[in-house]
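Values quoted throughout were computed directly from the atomic coordinates according to the rules given, and no laboratory measurement underlies them. Just so you know, these numbers come straight off a predicted model, no measurement behind them.
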Amino acid sequence: MADDASDTGPVSEPLDLVKLLLDELVFVKLRGDRELKGRLHAYDSHCNLVLGDVVETIYVTEEEDEEDDNQEVRTVNRKSEMLFVRGDSVVLISPVPSS
């Protein structure tokens, strides 16, 4: 339980995991078929994030034929030096595996 005084580990609440990722490269999945990879500079209790050196990947679905149900997915990449992400669009925050 979060209120247990005997809990002395570094992670006692879910956002404590995000605290461990400060100044690290993170992967952020957003609503609307968007993904971000960047360095986590700040966050708050609403999961608002400030990321630096960001690469944003947007997945765009295009229909090839009106007769067929074939869909082609293409990606659009954008780079940003600094980005504010509103927390209500965040689905997942994860560390980027070191290669």
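Counted residue by residue at 0.36 nm each, then reduced by the alpha carbon distance between them, the extension gain from Leu20 to Asp44 reaches 7.3 nm. Between Val73 and Asp33, the contour length at 0.36 nm per residue exceeds the Cα-Cα span by 13.3 nm.
Highest mobility in the GNM of the chain, judged by mean-square fluctuation with C-alpha springs under 10 Å and restricted to Val11, Val28, Val55, is found for Val11. Derived scalar couplings between HN and Hα for the range 74-91 equal 10, 10, 10, 10, 10, 10, 9, 6, 8, 9, 9, 10, 6, x, 6, 9, 7, 9 Hz in order, rounded to whole Hz, by the Karplus curve 6.51 cos²θ - 1.76 cosθ + 1.60 (θ = phi - 60°), x for Gly and Pro.
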